[in-house]
Amino acid sequence: RGGPGGRRAPGDPDRVARARARKAAFGEKVFGLGHHYQRDEVIQFAAVTGDSCKLAREAAARPDAEYIVFCGVHFMAESADILTADTQRVVLPDLAAGCSMADIAALPQVENAWDVLTECGLAAQTVTGRYMESGADRKGSGGRKVGVV
């Protein structure tokens, strides 16, 4: 009857038909991005497919699209939101879509590690790195600490 979390099972033709109708109604106002791990029934609606960094850049390269629909996980949509214009809306269809890699270290843990480096006198000679597959809060903390993503 339903998939995980009470969602409809993969391959539900009604859901595909509704998505196709909505895409047609929005036309050029919407630009769809699909992470290459998505199921075929989802990826068919994407204008561009690829990895998270490529897709965020593709979103930024479409300033005329009012809506960016990012079929991926939360950190991917956050990256696209950071790179797109304030007038654009980035939509993540499944708000529960997460990534265990992105959630390995929470912001307080990252900030605590920086505090330890500072206390040890190593902060001035340390360049921090943030994995692309981390949340916007962690990417931003890297920028405040002379870091890279």
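The values are calculated or read from the model by the stated rules, or taken from the named source; none is laboratory data. It should be emphasised that the depicted structure is a prediction, and the values quoted were computed from it without experimental measurement. Reconstructed Cβ throughout: ideal geometry from the backbone, glycine too, with neighbour counts over all protein chains shown. Each accessible area value is taken on the protein alone, full model and side chains, heavy atoms only, with ligands, DNA and RNA left out. Shrake-Rupley method; radii C 1.70, N 1.55, O 1.52, S 1.80 Å.
Applying the criterion of being touching a Cys at 6+ places or on another chain (Cβ under 9 Å) and assigned to a helix (DSSP H, G or I) to the residues of region 56-89, the residue that is most open to solvent (accessible area, probe 1.4 Å) is HIS74.
Among the residues of region 106-121, is any outside any loop (DSSP other than H, G, I, E, B), of a type in the set (A, V, I, L, M) and within 25 Å of ARG20 (Cβ to Cβ)?
No.
Restricting region 90-130 to residues that are open to solvent by 70 Å² or more (accessible area, probe 1.4 Å), of a type in the set (Asp, Glu) and over 15 Å from the mean Cα position of the chain (by Cα), the residue that is modelled with the lowest pLDDT is ASP115.
Tell me yes or no: at least one residue of region 39-50 is in contact with a helix residue (DSSP H, G or I) (Cβ under 8 Å, 6 or more places away or on another chain), farther than 29 Å from VAL16 by Cβ and open to solvent by less than 80 Å² (accessible area, probe 1.4 Å). Checked against the condition, which is being in contact with a helix residue (DSSP H, G or I) (Cβ under 8 Å, 6 or more places away or on another chain), farther than 29 Å from VAL16 by Cβ and open to solvent by less than 80 Å² (accessible area, probe 1.4 Å), region 39-50 yields no hits at all. For region 16-32, the criterion of a residue being closer than 27 Å to ARG138 by Cβ and surrounded by 15 or more Cβ atoms within 10 Å (Cβ to Cβ) is satisfied by at least one position. Number of residues in region 66-86 that are in contact (Cβ under 8 Å) with a residue 24 or more places away in the chain, aliphatic (A, V, I, L, M) and touching a strand residue (DSSP E or B) at 6+ places or on another chain (Cβ under 8 Å) equals 5.
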